[in-house]
Structures are given as C-alpha cells and as structure tokens.
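The values are calculated or read from the model by the stated rules, or taken from the named source; none is laboratory data. The model shown is predicted, which means the values in this text are computed figures rather than measured ones. All Cβ positions, even for glycine, are placed from backbone atoms using ideal geometry, and neighbour counts span all protein chains on display.
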There are 2 protein chains.
Amino acid sequence: MNISPKKISDHQLEDQEISINHQKLIDATIETIAKRGLGDTTIAQVAKKAMVSQGYANFRFKSKENLLLSSLKFLSDEYKNSWQRIFEDNNLDPVGRVIKIIENDFSGKIANRNKIAVWVSFYSEVKFRPSYLSICQKQDEIYSSQMEKLIKEVNILSNQSFLTSREISETYLSMVDGLWQRILFDPKMYSHVFCKDLIKKYFRNIYADEKRFV
Amino acid sequence: MNISPKKISDHQLEDQEISINHQKLIDATIETIAKRGLGDTTIAQVAKKAMVSQGYANFRFKSKENLLLSSLKFLSDEYKNSWQRIFEDNNLDPVGRVIKIIENDFSGKIANRNKIAVWVSFYSEVKFRPSYLSICQKQDEIYSSQMEKLIKEVNILSNQSFLTSREISETYLSMVDGLWQRILFDPKMYSHVFCKDLIKKYFRNIYADEKRFV
DNA sequence: TTTTGTATTGAATAATCATTCAATATGAGT
DNA sequence: ACTCATATTGAATGATTATTCAATACAAAA
C-alpha cells in the first residue's frame, strides 16, 4: 500500500477542518471590522479583501452572521491559546507566571488597537446576541478561575492575606478590560509599557517583598 | 409694556434649546439602542417609540447620525453633571469625596445594564467616528485630572507615597471601565455592591488607616 | 372667520446589502 | 480525452432603511 503524501484538494476537507479560503475570509473579516467597524462591514468588502467572490463568502459560511461568529471564535481561541501556554509552562514559578500573563495581555499580538476595536465591537453586541455572549463568557470564566488559583499561590508564598485571591484577580481582570478600552481611545497615552507598569505597580504594592514586579 | 408670561410654542425655540419632542427623541434613541443595539436601531423604531412620525425625526435632527450624536452628548452630559456635583460639594473632605465618586460610578442611574450597553455601543465606534471620540475624550480628560488632584490630597493627608496620585487614579478609572463592561456580561455576579466593595478594598489596602473605605 | 407661518405627517425614493442560484471553472479518476 | 463531482463566480432578487417632500394639521394673529 502506497502511503506517500497525496495532494489534498479543498473539497475533500470536512466542514470542521480549515481550508485556505476559510481562514482567508476570517482574516479579512477581522481586518475589515478593525478598519471600518462592525456596522459598516459588508460581505462584499470582506470578500474583496479575501479575493473571493461575494457569493462564495456567503456560500462558504452559510450567512454573514455565521462568518462573524466564526471570526469571534477565532479571536477568542487565539487569545485562549496564548494564556493557556503560560499556565501550562512548568518552568515558571507563580510570580514568574503572573508576570508572563501581564506581558501577554499587553503584547503587540493581543493588545493592539485593531484587535481591541474588533473585541469591543463584539462586546457591544453581547447583550443582543446570546451566541456572542457565550463565546466571550466561556473563555472568561476559565481565565478568571485559573487566575484566581494562581494568585492564591502567590498569596501563600508571600504571606499576603489582607486581599483575597478573588479580589486581586478580579481587580486585575477589570483593569485589563479597562486599559484595553482606553488603548482604543488614546493609544499614545496608554502605551503597552504604561499599562504593564501600572499593573506591575499594583502587584508591587501588594507584594512589597517581591522585587520582580519592577 | 406687557411682561406677563407668554406661551412659547416650539417653533420659537432656538436650535440649542430643548423642545419636548427633541428630548422625547433622544430618550427613545437611548432606549432603542439599549434594547436592540446600535446596529439594529432605525429611525422608524425610534420615531415610533417617541410617538412622532418617521419623517419628523429626520427633519428635527437633520440626519440619523446627528440624532445619535445628540444622544451620546446627552448621556455624556448626564454623567458629567453627576460627578461634577460631587467635586463642587464643599461639605466633603477628600476621602468623603472619593467615596461619593465610587458610589456615583456604581449608582443605579449610571451603571445600569441599559446605559452601559449604550456606552459600549458608542465606544465601539470611536475608532471610526472622530465626532464620537471627541465627545467621550473631552469628558474623560476632565474627570481624570480632577480625580488625580483629589487623590493627591488623600495621599498627602494619609502620608501615602509609594503609589503616585496618577497611578492610583489611572488604576481607579481603568477598573471602573472594566467593571462596567463586566456588568454587561454578567450583571448578577458584578452587582453594584460587589463592584463598590472591590474598589473600596483597593483603597483600603493603600490607605490602611482610613476606616471609611469599609 | 380668514390668513399665515410653522409643525408634523406619511408615502415615495433611492441606496445599500445579504442572499440565492444558474452558469462556469477546475481537477481528479477512468 | 472524457466524465463527474465539487468549487467558485457574479448577476439578479428582495428586503431594509435613511432621506425627501408635497400635503395637511394646527395655532396664533388679524
């Protein structure tokens, strides 16, 4: 039996698998939302940017709604992968992990103005589209609980007991959301360095002995 | 010369003055955005809710864009008035003022899910509509600088010098934005009490001697 | 009552856009 | 070379919606 590699054409891929065009359309959707806003994003523009016909974009995703949903899912997974890698990295101690988390949340890949514009566009529809809400919420719940567990470890190691791990992680998460939003308004003032330093200073204040929070 | 009060009909009002219909339309716009989202808000729906004809809504505000802008301006002014009253209240000492500010930011009038949904809708368009940006930004700049000055007073009174007033006020402002956004996702978990307590705990940690941060 | 200027209506218009689908291209298997 | 299944096109369709405007209601003044 010949097991040499065969060329696989698109039509042989299952629905769940990702074809070139599938990903091209998702990328184009994100770029279009970032450039023009969710309200002014049309299938025609996305298709043009992805260099496929308008009809094809609709055919491939069944509906515009579904294309948007898939794009949100993609963004959401991209973010999740980035922080999951940090939680799974066994070479890190708790404080080192917190620092990596902060750096990830304000890395160029995650916290750039285009991506934030897309996130906020979807956030703004969360109240009216349960499907958006469930994607955003499920991810956030896991992140929250992982974060709280991590802070609990740091609390124990540093004998910090005035603030609970829940309080510290909720403060962290709300600050991140707030700072992202502010990056959208004024990216110059809210530079990545500014945001990271602000958050590190917060931790430095709590864990006075821990010199790694710069 | 007769100076007895005259009935003033709408057409005698200047552009800048507010007629009944003007405000009815703005209220209806905010309600419609809160219920259906900015993208699904049509002049027809707003006009229906305000109980005027569709043509009139357009005539009165010249364009949909202008109606939306006026509604954002209204929300923005409402918020500004609420915190300006606190900054101008001479009966308050610095810590009392901070507490009032926190309570205002999470009062039912300001931090309810409908209003937040409207805010976030506009935020999400800020990158694409400079007119939205300038309304939001101008307001925020004043609030920021007032807040920083206030924190500086508290820092001095309490001999706190590790965190600068800028750092504390920026942390506060980003937490408020982040928590508002989270209220949108999960209003049960992020209750007003939860949000206020979280923020007060932040201040309590900084100003350990100040018993008023509950 | 009649006139006159403004307020308000609601139907018509024109533009935009998601969706459909018949037609065509592509490329693997025979 | 031919067949056949799938991929892709792009023009047509129908729905939605902001905007316009001629027609009407209204209310104050004469």
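Taking the condition surrounded by 15 or more Cβ atoms within 10 Å (Cβ to Cβ), away from DNA strand C (no atom under 16 Å from the Cβ) and of a type outside the set (Val, Ile, Thr), does residue B:133 pass? Spelling it out, residue B:133 is indeed surrounded by 15 or more Cβ atoms within 10 Å (Cβ to Cβ), away from DNA strand C (no atom under 16 Å from the Cβ) and of a type outside the set (Val, Ile, Thr).
Kindly provide the set of residues from the stretch A:177-202 that are crowded, with 17+ Cβ neighbours inside 10 Å and more than 7 Å from every other protein chain (Cβ to nearest Cβ), ordered by number. Within the stretch A:177-202, A:180, A:183, A:190, A:192, A:195, A:196, A:197, A:199, A:200 meet the criteria. The single condition from (1) modelled with pLDDT under 95; (2) over 21 Å from residue B:198 (Cβ atoms) that residue A:213 fails is (2). Does the stretch B:42-63 hold any residues that are polar (S, T, N, Q) and either more than 9 Å from DNA strand C (Cβ to nearest atom) or within 14 Å of another protein chain (Cβ to nearest Cβ) (or both), and which are they? Answer for the stretch B:42-63, where residues must be polar (S, T, N, Q) and either more than 9 Å from DNA strand C (Cβ to nearest atom) or within 14 Å of another protein chain (Cβ to nearest Cβ) (or both): B:42, B:45, B:63. Filtering A:173, A:163 for residues that are in a loop (DSSP other than H, G, I, E, B), closer than 20 Å to residue B:168 by Cα and of a type in the set (A, V, I, L, M, F, W, C) leaves a single hit, A:163.
For the stretch A:146-166, a tally of residues being surrounded by 15 or more Cβ atoms within 10 Å (Cβ to Cβ) and touching a residue at least 24 places away in the same chain (Cβ under 8 Å) returns 9.
Looking at the stretch A:26-99, the helices (runs of 4 or more DSSP H) lying wholly inside it that each contain 1 or more residues that are among the acidic types (Asp, Glu) sit at A:64-88.
A single entry from B:138, B:127 fulfils the requirement of being within 13 Å of chain A (Cβ to nearest Cβ) and crowded, with 17+ Cβ neighbours inside 10 Å: B:127.
Of the residues A:210, A:103, the single one that is more than 7 Å from every other protein chain (Cβ to nearest Cβ) and either outside any loop (DSSP other than H, G, I, E, B) or of a type in the set (A, V, I, L, M) (or both) is A:103. Only residues that are surrounded by 15 or more Cβ atoms within 10 Å (Cβ to Cβ) and within 16 Å of DNA strand D (Cβ to nearest atom) were counted in the stretch A:57-102, giving 7. Against the criterion of being within 13 Å of the chain's Cα centre (by Cα) and not assigned by TED's automatic domain parsing to the domain that holds residue A:32, residue A:132 does not qualify.
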